[in-house]
Structures are given as C-alpha cells and as structure tokens.
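To start, the structure itself, in structure tokens.
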Amino acid sequence: QVQLVESGGGLVQAESSLRLSCAASGRTFSNYVMGWFRQAPGKEREFVGGISRTGGNRYYADSVKGRFTISRDNTKNTVYLQMNSLKSEDTAVYYCAASFGIVIRRTDDAYDYWGQGTQVTVSS
C-alpha cells in the first residue's frame, strides 16, 4: 500500500504561481511512476503530467506544457507540481497518483494509488 497526501492548494489570482506537494508513505517511493491529475466541476478527471521513477522523464498535457513542471525528490518521498502563469481554467481539484508501471501513462486506470486531492482556485 502507498498513502499519498497532497498539499499546497489554495486561492490565487490569474498569472500567479503555486506549488503542490504530494508526500508518499508506505512502499518504496522510487518504485512508482507518479502522475498528477485534475478534475474541474462538471468535468471528467484529466491527466496533467507524469514523471518517471528516477525523474529522468516527464510528460505533460498540452494544456499545461510550458507552464507546469513536475519534479520529485526520492529522498523525501515527495513529488511536486510547480504551476506558473495560472489561468482560471486551471481551477480544479488536483490529485497525485502512483503507478507501479514502468512508463508514464495518461489514463487514470493505469494508476494504483491516489491522494485525496487538493483544491486549486484561480480567480481572473
């Protein structure tokens, strides 16, 4: 089992920045590909980005590419989502997820464990 706890969400103005953290506990963190997803009101959950086990590979959704950066610190069992130039359409509950797979996948059924989510609200 892996437990994931997100933090860092909040209410910010458009064009500002925010960094989300996801702390993992349980099994060896470095064995997992990590992903970030988000779900806006009335919409399906969507992939934001993912990072490989070592952090050497990252993959982003087109909607956030160039604005968001995923990183991880395996010594701290934590994955981060740095969000810059935030837009009102980035408003959503953000979830981190862990996958025991090898490659970064965009679909949520590829992920085995999920955090409870943290709300990000961007005011325009």
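The values are calculated or read from the model by the stated rules, or taken from the named source; none is laboratory data. Note that this is a predicted model, so its numbers are computed, not measured. With ideal geometry, Cβ positions are generated from the backbone for all residues, glycine too; neighbour counts draw on all protein chains shown. Keep in mind that these areas ignore ligands, DNA and RNA; they rest on the heavy atoms of the full protein, side chains included. Shrake-Rupley method; radii C 1.70, N 1.55, O 1.52, S 1.80 Å.
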Notebook entry, point to check: Which FRET efficiency, nearest 0.05, do residue 3 and residue 89 yield, Cβ-Cβ r, R0 41 Å?
Noted result: 0.85
Next item on the list: Could you pull out the chymotrypsin sites (Phe, Trp or Tyr not before Pro) across the range 28-87 that fall in loop regions by DSSP (anything but H, G, I, E, B) with no more than 16 other Cβ atoms inside 10 Å?
Entry: none
Next item on the list: Tell me the Kirkwood hydrodynamic radius of the chain in angstroms, computed as one over the mean inverse distance between distinct C-alpha pairs.
Entry: 14.1 Å
Item checked: Point-to-point label distance, residue 100-residue 62, nm (Cα→Cβ direction, 7 Å offset) -> 3.4 nm
Next item on the list: Compute the accessible area per residue over the chain, keeping the other protein chains in place, probe 1.4 Å, unit Å².
Entry: 51 Å²
Checklist line | Estimated FRET transfer efficiency (residue 82, residue 109; beta-carbon r; R0 22 Å; 0.05) | finding: 0.25
Check: In terms of Cα to Cα distance under 20 Å, which aspartates and glutamates are near enough to residue 76, apart from those fewer than 8 places away along the same chain?
Finding: 6
Checklist line | Dipole moment magnitude, nearest 20 debye, the chain about Cα centre, only Lys, Arg, Asp, Glu C-beta charged | finding: 300 debye
Notebook entry, point to check: Given DSSP loops and a limit of at most 16 other Cβ atoms within 10 Å, what is the longest stretch of the chain that contains no such GluC sites (Glu not before Pro)?
Noted result: 45-124
Margin query: Students often forget the sequence filter, so: which lysines lie under 20 Å Cα-Cα from residue 87 once same-chain residues fewer than 8 apart are removed?
Written below: 43, 65
